[in-house]
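The values are calculated or read from the model by the stated rules, or taken from the named source; none is laboratory data. This is a predicted model, so every value here is computed, not measured. Here Cβ is always computed from backbone atoms with ideal geometry, including for glycine, and neighbour counts include all displayed protein chains.
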Amino acid sequence: MSARGLFITFEGIDGAGKSSHIEALAQAFRAQGRTVTVSREPGGTPLAEKLRALVLNDPMDALTESLLIFAARRDHLHKVIEPALARGEVLLCDRFTDATFAYQGGGRGFDRGVLTLLERLAQTGLAPDPDLMREPDLTLWFDLPPEQAAERLAGARVPDRFEAQPVAFFRRVAQGYADRFAAAPQRFARIDAAPAREQVWPQLCAALVARGWLAASASTADARP
Ligand code: TMP
């Protein structure tokens, strides 16, 4: 089993059910002797968590929102993601840049050319190779019809600025994810998030086993959510 750093991100519209699988996957990696860091975006550092609170709660236009999200990402990459990968750890991150293209690009209709520029600025110059733009090794995309996600979210908690959006917004977000998937399918594993949780977990395991990052026994171990 390789001990190089692994950067794995979890993506999908609100209500897709990704969060409940992150800790289970962390356990599966730990059971194989890997050191795992679990983090999230926006957030993951004290500064980025402050920016998260602003982005989720304070009214602002789409450019301000995108700048704050990429500022948080830069800090997170600098202080948490790159050091963990340099130590050969597994970094599991609840959302990353695909979410910006889906939510700000798709949902808000913000200029994807500007997002591409910000992506390159924020994600270059921190890895060992200064020209490398850091991207996930694998993105687990929890794909779910927006109507089904809305049913799951209904009445769950006080909604933030994104969760409060109508289904039409999430249709555009879902299309944003589909566009990112189409542009780089080899980086993604599409997970059908519509069935019950027990039927979703084996799909995650299969994606990791197929890449040689997890032993086949992991899917039957206690780690399942
Ligand atoms: P979470 O609830 O999954 O932690 O994500 C927080 C919210 O932030 C979620 O509704 C999606 C949104 N978001 C963006 O709009 N753009 C981004 O780049 C990221 C990472 C999250």
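A few remarks follow.
- Candidate set from region 142-176 (those that are basic (Lys, Arg) and assigned to a loop (DSSP other than H, G, I, E, B)); member that is modelled with the highest pLDDT: Arg161
- The lone criterion from (1) within 11 Å of the ligand (Cβ to nearest atom); (2) in contact with an Asp or Glu (Cβ under 7 Å, 6 or more places away or on another chain); (3) over 28 Å from Val158 (Cβ atoms) left unmet by Ile22 is number (3).
- Here Gly106, Gly43, Gly88, Gly33 are screened, and the one residue that is in a helix (DSSP H, G or I) and not hydrophobic (A, V, I, L, M, F, W, C) is Gly106.
- Single residue of Phe96, Phe101, Phe169 found to be farther than 21 Å from Gly43 by Cβ and within 11 Å of the ligand (Cβ to nearest atom): Phe169
- Criterion (of a type outside the set (Phe, Trp, Tyr) and within 11 Å of the ligand (Cβ to nearest atom)) met by exactly one of Gly5, Gly15, Gly33: Gly15
- Per the listing Ala193, Ala149, Ala127, Ala189, the residue uniquely more than 27 Å from Leu77 (Cα to Cα), of a type in the set (A, V, I, L, M), more than 12 Å from the ligand (Cβ to nearest atom) and in contact with a helix residue (DSSP H, G or I) (Cβ under 9 Å, 6 or more places away or on another chain) is Ala193.
- Test: residue in region 185-199 that is touching an Asp or Glu at 6+ places or on another chain (Cβ under 9 Å), surrounded by 22 or more Cβ atoms within 10 Å (Cβ to Cβ) and not small (Gly, Ala, Ser): yes
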